[in-house]
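So that we are looking at the same thing, I have put the structure below in structure tokens.
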Amino acid sequence: MTGGSIPRNLGPMIELPDDFTAHPGRLDDLDEIWRLLVTVSTAEAGTPGFGFKEVENWLTGYPIAIAEDVITVRNGGGALVGVEIFHMRDPFVRPIAIGGVHPDHGGRGLGTALLGWAMQRAVAQLPKAPPDARVTLVTHIGADHEPSENLMRANGLEFTRFFIDMKTEFSGAPPPPELPAGISIRVVEPAADMAALADAIRDSFRDHYGFVETPQQRQIDQLNHWARASGHDPELWWVAEAGGGIIGFNLCEASSEGDDEIGHVATLGVLREHRRRGVGRALLLTAFAAFYDRGKKGVALGVDADSLTGATRLYESVGMQAGARYGTWEIEIRPGVEMATVEVSTD
């Protein structure tokens, strides 16, 4: 699916109904932004969607420049009622827009205004993209939220796929991981591992839908920012090794969507040539054991429902079940050569 195309004449930056005003994002807004995102996600998908530390980490590190990439909308009383976050990293071909409007203020054109701002922002960033590359704006909404779907269609976006939350709750100690011969699992050593970890993330995600290769140093910078973030626990990052090199990884967080009783698998991957050997399962069960020992009630993660690598089958095999579902919608900003992964060869 190629996605729709946006008009080049988008009008003024943002037009709002009377009694609503738009403002650049500020660090002082972080708590309000988080609370609004939780309110929107709960209303549209039935789940909080975000923890405060996740939002803080996201909006204070590369590639977000909060005053330029975040716009907020307030009502006449000064309350935050809308937000849009524009996330676009090297090589600037697949920007993401995430945001929403407080359910008490739906149907007043705020969502259209915020989405239009994101489209304009994407057009303004086109000079950063490779000259012959296709550029596509991506957003995610609650899969069964009809007003959001109507908003997407009305603005020319097209549905591409579903992502789902998956979760398991412990009924007892999880089974111990069984490591394939010649493979070991250990905790990440930030000072020594970041470059190799960045390369492993790149290589393992090449055949995931929407992947676009990021320069290595940018990936390292992002990992270092995450490692310095509030709430980060270095004992919850693992790598699998074989022959002295990293072949898989499992980067976890101590809470999920702000729930400190549920651990979160944030980024898990295995190099293609080492899949179907039990490495991913061993990495998962290593995390399960650590979370269980810490007294967590369970573990959650998010995954592409139509994963090109069949990741959902792995998660189901360790007892995880599907929960909230999100729809991914896209619109073509500029036609060109597709740099993102949209299919995987079976050769």
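Rule-based calculations on the coordinates, nothing more; no lab input. What you see is a predicted model; the values in this text were computed from it and never measured. Note: ideal-geometry Cβ built from the backbone for every residue, glycine included; neighbour counts use all protein chains shown.
Using helices alone, what [θ] at 222 nm do you get for the chain, with -39,500 (n - 2.57) per DSSP H run of 4 or more residues, divided over all residues and rounded to the nearest 500?
For the chain, the value works out to -9000 deg cm²/dmol.
Distance in nm between label sites at E343 and A195, each 7 Å beyond Cα in the beta-carbon direction?
Distance between the two pseudo-spin positions: 3.8 nm.
Between E146 and E68, what FRET efficiency comes out of the Förster formula 1/(1 + (r/R0)^6) with R0 = 35 Å and r the beta carbon distance, rounded to 0.05?
For E68 and E146, the calculated efficiency is 0.60.
Would you mind getting me the FRET efficiency between Q217 and Q321? Use the beta-carbon distance for r and R0 = 41 Å, nearest 0.05.
Computed FRET efficiency for Q217 and Q321: 0.60.
Output the relative contact order of the stretch 166-324, whole-number percent, from Cα pairs under 8 angstrom with separation of 6+ residues.
After rounding, I find 33 percent.
Counting DSSP beta bridges in the chain, what percent are antiparallel, to the nearest 5?
Roughly 85 percent of the DSSP beta bridges within the chain come out antiparallel.
Going by amide H atoms built from the backbone, whose H comes under 5 Å of the H on Y209, apart from near neighbours?
Hits under the 5 Å cutoff: L308.
Over what distance in Å are the Cα centres of the stretch 74-92 and the stretch 301-328 separated?
Going from one Cα centre to the other spans 28 Å.
Can I ask one more? If each of E32 and E169 carries a label point 7 Å out from its Cα toward its Cβ, how far apart are those two points in nm?
So the two model labels end up 3.6 nm from each other.
Mind listing the long-range amide H neighbours of A133? Cut-off is under 5 Å, sequence gap 5 or more, other chains count too, H placed in the peptide plane at 1.01 Å from N.
Amide H neighbours of A133: V337.
Going highest first, how would you order 211-218, 129-136 by mean Cβ packing within 10 Å? Intermediate results must be reported in sequence, preceding the final value.
On the way: 211-218: 15.5, 129-136: 17.9.
Sorting 211-218, 129-136 by mean packing, highest first, produces 129-136, 211-218.
Given R₀ = 35 Å, what would the calculated FRET efficiency be for R272 paired with E235, taking r from the Cβ atoms and rounding to 0.05?
The pair R272/E235 has a calculated efficiency of 0.80.
Leaving out same-chain residues fewer than 8 places away, which lysines sit with a Cα under 21 Å from that of K53?
Reachable lysines: K167, K296, K297.
Over what distance in Å are the Cα centres of the stretch 36-59 and the stretch 120-154 separated?
Rounded to whole Å, the Cα centres lie 20 Å apart.
Taking θ as phi - 60°, what are the ³J(HN,Hα) couplings along the stretch 156-171 by the Karplus curve (6.51, -1.76, 1.60), each to the nearest whole Hz, with x for Gly and Pro?
Coupling constants for the stretch 156-171: x, 7, 10, 5, 10, 5, 9, 10, 10, 7, 10, 8, 9, 10, 6, 9 Hz.
Could you run the Debye sum over the Cα atoms of the stretch 166-324, one equal point scatterer each and no solvent, and tell me log10 of I(q)/I(0) at q = 0.09, 0.10, 0.16, 0.20 Å⁻¹, two decimals?
-0.27, -0.33, -0.91, -1.48
Non-local amide H neighbours of W237 (under 5 Å, H modeled in plane, Pro and chain starts lacking H): which ones?
Under 5 Å from the amide H of W237: V188, C252.
Shifting gears a bit: What is the order of D31, D304, fewest Cβ neighbours within 10 Å to most? Write down the numbers at each step before the final one.
Numbers: D31 12, D304 17.
Starting with the residue having the fewest Cβ neighbours, the order is D31, D304.
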